[in-house]
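Heads up, the thing below is written out as structure tokens.
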Amino acid sequence: MKKKSAQTVTEDEKIIQDEAKYLLGTYQRPKFVIEKGYGCYLYDTEGKRYLDMVSGIAVNALGYADEGLSRVITEQARKLIHCSNLYHTAPHVKLARVLVENSFADKVFFCNSGAEAVEGAMKLARKWALKTFGCGKTGFVAFTGSFHGRTFGALALTDREKYRLPFEPLVPGARFAHLGDVDDAESKISTDTSAVIVEPIQGEGGMNPAGPRFLAALADLCRRKDVLLIFDEVQCGLGRTGRLFAYQHSGVIPDMLCLAKPLAGGLPMGAVLASERVAQCIESGDHATTFGGGPLVSAAAIEVLRRIRRPSFLQAVRDKGEFLLGRLKQLKQRFPDKVVAVRGLGLMVGVELSFKAAPLLQQFYDRGVLVCTAGERVIRVVPPLVISKRQIDIFVRAFAHVLEQAKN
């Protein structure tokens with residue numbers, strides 16, 4: 001067999017070199033190239049298999065190469081991919097009906113991402129405030145540890161200085177209260193506040209549950225102050241916590257709800273769910289999108305929702321979530337000097353370490369496991385919702401090996 005020259009560049013190396021040459025350097029990626037996926041596994045171009053505990057950042061709820069979802073996408077692509085929102089099409093209407101009939105909402109607006117959903121909710125809140133109170137009620141209250149997106153409006157509500165500072169000035173009028181502190185939230189709400197936005201479980205901020213008591217108190221505060229309550233369920237919604245929506249754990253009903261990530265099974269789609277109280281303030285031309293709710297993504301989302309809203313599916317997520325939490329808490333007992341906390345709900349879990357988490361990622365890759373971080377010290381665990389308990393065990397064993405080698 002002929003030996004490769006020292007100057008030979010592999011196909012993977014060529015891809016990585018071309019990426020550096022042609023793409024903006026907004027991501028730091030590991031030195032392998034993902035080629036395909038099946039079930040809860042991804043495969044690189046060298047054939048190495050990785051157990052995926054990231055699922056496209058909480059997107060691929062049904063895993064990879066799902067036959068039912070692939071069939072629906074193929075069938076719809078043969079009929080109609082896009083024709084714009086200038087015309088009636090059936091898929092987005094059917095999808096909106098499913099979302100309304102399975103939630104608090106009365107109306108839905110479709111868009112293309114989580115950040116767009118947050119931006120849409122911000123616009124709806126301001127329009128509601130304008131029609132209800134007149135000019136001047138334009139501000140928002142968000143929380144410490146929050147992450148709502150990278151666009152100017154969503155970023156203004158995101159409590160991450162390193163994301164915000166290079167792009168200021170952002171949309172004005174945002175204030176931040178301490179998550180879990182109702183008194184602080186009340187102090188931040190003023191006569192110019194239109195809405196309060198909160199993640200029932202923070203994702204990027206470290207996998208922090210807001211908690212049902214805090215959410216109930218926050219809802220009561222918003223009613224007393226006559227401001228809207230927006231739940232950002234872009235990461236924690238749609239089955240991730242073992243309920244179709246995370247708000248269902250607390251029984252607290254928001255005025256608006258932002259969705260995205262898993263909605264269309266990996267195709268780009270977001271949505272704003274709104275109560276009639278908000279929806280009645282919106283008129284033709286107030287907001288729009290070229291691609292939002294297109295036939296292809298809507299057909300995919302109908303299939304995703306058909307699958308994940310089954311009671312047996314959601315019960316399985318709850319069962320596997322309890323199993324995952326239990327196994328990770330055993331790691332905390334085994335490595336008390338390295339694991340600070342294990343928290344989360346369903347298959348949305350964070351493991352807080354006593355040291356920076358990012359340096360551990362390569363050790364996970366070496367063991368054939370994909371994980372990502374949520375802040376500096378938290379390993380984020382958001383696998384496909386179809387993961388098995390056996391695969392969870394594989395992950396936890398790999399985590400134990402990584403912790404054994406880690407130096408805090």
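Go through (1) closer than 25 Å to residue 319 by Cβ; (2) small (Gly, Ala, Ser); (3) within 24 Å of the chain's Cα centre (by Cα) one by one and return the number of the condition residue 400 breaks.
Unmet condition: (3).
So is residue 87 part of a helix (DSSP H, G or I), of a type in the set (Ser, Thr, Tyr) and either surrounded by fewer than 22 Cβ atoms within 10 Å (Cβ to Cβ) or in contact (Cβ under 8 Å) with a residue 40 or more places away in the chain (or both) or not? Write out each step before concluding.
Values: part of a helix (DSSP H, G or I): no; of a type in the set (Ser, Thr, Tyr): yes; either surrounded by fewer than 22 Cβ atoms within 10 Å (Cβ to Cβ) or in contact (Cβ under 8 Å) with a residue 40 or more places away in the chain (or both): yes.
So residue 87 does not fit the description; no.
Would you confirm, using the coordinates I've provided, whether residue 191 is farther than 20 Å from residue 275 by Cα and within 24 Å of the chain's Cα centre (by Cα)?
Numbers: farther than 20 Å from residue 275 by Cα: yes; within 24 Å of the chain's Cα centre (by Cα): no.
Taking the combined requirement at face value, the residue does not satisfy it.
Quick one: which residue in 102, 112, 85 is over 23 Å from the mean Cα position of the chain (by Cα) and in the same structural domain as residue 173 (by TED's automatic domain parsing)? Give the steps one after another, and end with the answer.
Values: 102 fails: over 23 Å from the mean Cα position of the chain (by Cα); 112 fails: over 23 Å from the mean Cα position of the chain (by Cα).
Every option except 85 fails the conditions.
Within segment 397-407, is there a residue that is surrounded by 14 or more Cβ atoms within 10 Å (Cβ to Cβ), outside any helix (DSSP H, G or I), at pLDDT 95 or above and outside the structural domain of residue 91 (by TED's automatic domain parsing)?
no
I need the helices (runs of 4 or more DSSP H) fully contained in segment 131-242, keeping only those with at least 3 residues that are closer than 27 Å to residue 382 by Cβ, at pLDDT 95 or above and outside the structural domain of residue 371 (by TED's automatic domain parsing). Break it down into steps so the answer makes sense when it comes.
Values: elements: 152-156, 161-164, 182-188, 212-225.
Because the criterion is at least 3 residues that are closer than 27 Å to residue 382 by Cβ, at pLDDT 95 or above and outside the structural domain of residue 371 (by TED's automatic domain parsing), the helices (runs of 4 or more DSSP H) in segment 131-242 that meet it are 152-156, 212-225.
How many residues are within 23 Å of residue 137 (Cα to Cα) and either without any contact (Cβ under 8 Å) to a residue 40 or more places away in the chain or of a type in the set (A, V, I, L, M, F, W, C) (or both) if we restrict to segment 182-214? Walk me through it before giving the result.
First, the residues of segment 182-214 that are within 23 Å of residue 137 (Cα to Cα): 182-199.
Keeping just the survivors that are either without any contact (Cβ under 8 Å) to a residue 40 or more places away in the chain or of a type in the set (A, V, I, L, M, F, W, C) (or both) gives 182-187, 189, 195-198.
Total satisfying the criteria: 11.
Within segment 355-408, count every residue that is over 18 Å from residue 145 (Cα atoms) and among the small types (Gly, Ala, Ser).
6
From the residues in segment 147-157 that are among the aliphatic types (A, V, I, L, M) and surrounded by fewer than 24 Cβ atoms within 10 Å (Cβ to Cβ), which one is nearest to the chain's Cα centre (by Cα)?
Residues of segment 147-157 that are among the aliphatic types (A, V, I, L, M), as a first pass: 154-157.
When the remaining residues are screened for being surrounded by fewer than 24 Cβ atoms within 10 Å (Cβ to Cβ), the result is 155-156.
Working: 155: 15, 156: 18 Å.
Among those residues, the one meeting the criterion is 155.
Can you confirm whether segment 246-262 contains a residue that is under 15 Å from residue 92 (Cα atoms) and surrounded by fewer than 16 Cβ atoms within 10 Å (Cβ to Cβ)?
no
Output yes when any residue across segment 120-128 is touching a His at 6+ places or on another chain (Cβ under 7 Å) and either farther than 27 Å from residue 239 by Cβ or free of Cβ contacts under 8 Å to residues at least 40 places away in the same chain (or both), and no when none is.
Keep residues of segment 120-128 that are touching a His at 6+ places or on another chain (Cβ under 7 Å), which gives 120, 123.
Restricting the remaining residues to those that are either farther than 27 Å from residue 239 by Cβ or free of Cβ contacts under 8 Å to residues at least 40 places away in the same chain (or both) gives 123.
Yes: segment 120-128 contains one or more residues that are touching a His at 6+ places or on another chain (Cβ under 7 Å) and either farther than 27 Å from residue 239 by Cβ or free of Cβ contacts under 8 Å to residues at least 40 places away in the same chain (or both).
I want to confirm something. Restricting to segment 101-146 and keeping residues that are hydrophobic (A, V, I, L, M, F, W, C) and exposed (fewer than 15 other Cβ atoms within 10 Å of the Cβ), which single residue is nearest to residue 276 (Cα to Cα)?
Let us first name the residues in segment 101-146 that are hydrophobic (A, V, I, L, M, F, W, C), namely 104-105, 108-111, 115, 117-118, 121-122, 124-125, 128-130, 133, 135, 140-143.
Narrowing further to those that are exposed (fewer than 15 other Cβ atoms within 10 Å of the Cβ): 133, 135.
Details: 133: 17, 135: 21 Å.
Here the answer is 133.
The values are calculated or read from the model by the stated rules, or taken from the named source; none is laboratory data. All figures in this text were calculated on a predicted structure; none of them were measured in a lab. Glycine gets a Cβ as well: all are built from the backbone with ideal geometry, and neighbour counts include every protein chain shown.
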